[in-house]
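Here the structure comes first, spelled out in structure tokens, and everything after it is commentary.
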Amino acid sequence: MFLLITGGEPLIHPDFDDMWKYAHKLGFKLSLFSNGSLFSERYIDLLREFPPEVVEVSVYSTKEDVHKAITGRGLYTEVKNLTMLKGYVEKLVVKTPLLSLNVDEIGTIQGIANRHELSFRMDAIVHPTLNQNTSPTKFRVPYKVAAQLAMEDPEMQRQLRHSFSHNTLPFATDGLKFPCSAGKYSFHVDPEGYLNLCSIYRNTDLNLHEMPFSDAWRDLSILGASPCGEIKIKCDTCRLKCICPNCPAVSRLFGEDERYIDTFVCNYTAELARIAGIV
């Protein structure tokens, strides 16, 4: 069983140490997503003694003014602190969102990861906020530029081809509103204790403070197995659907119903497939 602890920034929680030790003791395969700002000797020692499988640290920019424009804060990520976990953590990742503000730095950030012998991951898809504020999407890079940058990574191409040729989820997806693992063998719990399909598709009625997990999971599973009906027929019949992240959760972020298709995501996926030689 996998448990990803993320945020916001999870290390600011006053009980993080106790929660982390408890989850490790239960035998979860742990992952930690952090911005790296609090990777002091104390937390390095904690993660060495109770190691996760994966630690991912976000690097938004190497420039003070750009970093502040993106995050509202000055530079704080210390990649060198991440290297102190080598030999303890199976996979250490530097990741960055691809934005119009930092597009000229992607090579530099990846170079930092390579120099420290860390994995690198770039995410080109910028979504609206959970309260349906679409302003972050104005920082998207044109989909052709984004796809070209993504496909410069041979490992990314390999993974894309593998995902396309091995679309073998352990359940049938045709005809489902949510053709993914959400509500089938994965879920998200938010800071208030609500059980959600995923970090994007939030629910308002399954609170683990008020009901046992078994009851909440039963109701969530029913939602996850909802039929798609006639919505998104274009997506349901698309040969690239196994590598495309378009879903009803994204539609909800745009304040639209489930028939809405984020054309950026659609075009970006098609361009990835074209460059990778899938189509």
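The values are calculated or read from the model by the stated rules, or taken from the named source; none is laboratory data. What you are looking at is a predicted structure, and each value in this text was computed from that prediction instead of being measured. A quick note on method: Cβ atoms are made from the backbone with ideal geometry, for glycine too, and the neighbour counts reach across all protein chains shown. Side chains are part of the model used for accessible areas, which takes the heavy atoms of the whole protein and leaves out ligands, DNA and RNA. Shrake-Rupley method; radii C 1.70, N 1.55, O 1.52, S 1.80 Å.
Descriptive notes on the structure:
- Unmet requirement for LEU160, which otherwise passes all of (1) in contact (Cβ under 8 Å) with a residue 60 or more places away in the chain; (2) open to solvent by 80 Å² or more (accessible area, probe 1.4 Å): (2)
- First in the range 173-188 and in contact (Cβ under 8 Å) with a residue 40 or more places away in the chain and assigned to a loop (DSSP other than H, G, I, E, B), second anywhere and of a type in the set (Asp, Glu) and buried (at least 16 other Cβ atoms within 10 Å of the Cβ), Cβ under 7 Å, 6 or more apart: LYS177/GLU258
- Within the range 186-203, the set of residues being open to solvent by 70 Å² or more (accessible area, probe 1.4 Å) and among the hydrophobic types (A, V, I, L, M, F, W, C) comprises PHE187 only.
- Filter result for PHE187 (within 27 Å of MET1 (Cβ to Cβ), modelled with pLDDT of 95 or more and under 18 Å from the mean Cα position of the chain (by Cα)): yes
- Filtering the range 255-279 to residues that are over 23 Å from ARG161 (Cβ atoms) and free of Cβ contacts under 8 Å to residues at least 40 places away in the same chain leaves GLU256, ASP257, ARG259, TYR260, ILE261, ASP262, THR263.
- Scanning the range 235-252 for residues that are more than 24 Å from GLU152 (Cα to Cα) and either crowded, with 18+ Cβ neighbours inside 10 Å or aromatic (Phe, Trp, Tyr) (or both) returns CYS235, CYS247, PRO248, ALA249, VAL250, SER251, ARG252.
Residue by residue, here is whether (1) modelled with pLDDT of 90 or more; (2) within 18 Å of the chain's Cα centre (by Cα) holds:
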residue	(1), (2)
GLY193	yes, no
ASP219	yes, no
CYS228	no, no
ILE233	no, no
ALA249	no, yes
THR263	yes, no
VAL279	no, no
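- Pairing each residue of the range 238-254 that is hydroxyl-bearing (Ser, Thr, Tyr) with any residue that is surrounded by fewer than 19 Cβ atoms within 10 Å (Cβ to Cβ) and part of a helix (DSSP H, G or I), provided the two are 6+ apart or on different chains, yields no C-beta distance under 9 Å.
- The condition of being of a type in the set (A, V, I, L, M, F, W, C) and surrounded by 18 or more Cβ atoms within 10 Å (Cβ to Cβ) holds for only one of LEU223, LEU206, that being LEU206.
- Some residue of the range 253-262 being among the aromatic types (Phe, Trp, Tyr), part of a loop (DSSP other than H, G, I, E, B) and open to solvent by 60 Å² or more (accessible area, probe 1.4 Å): yes
- Scanning the range 19-29 for residues that are farther than 17 Å from SER186 by Cβ and surrounded by 11 or more Cβ atoms within 10 Å (Cβ to Cβ) gives MET19, TRP20, LYS21, TYR22, HIS24.
- Count - residues of the range 122-137 that are free of Cβ contacts under 8 Å to residues at least 24 places away in the same chain and either within 11 Å of GLY255 (Cβ to Cβ) or exposed (fewer than 12 other Cβ atoms within 10 Å of the Cβ) (or both): 3
- Comparison of PHE33, PHE2, PHE50, PHE16 shows that the only residue that is at pLDDT 95 or above, surrounded by 15 or more Cβ atoms within 10 Å (Cβ to Cβ) and within 20 Å of the chain's Cα centre (by Cα) is PHE33.
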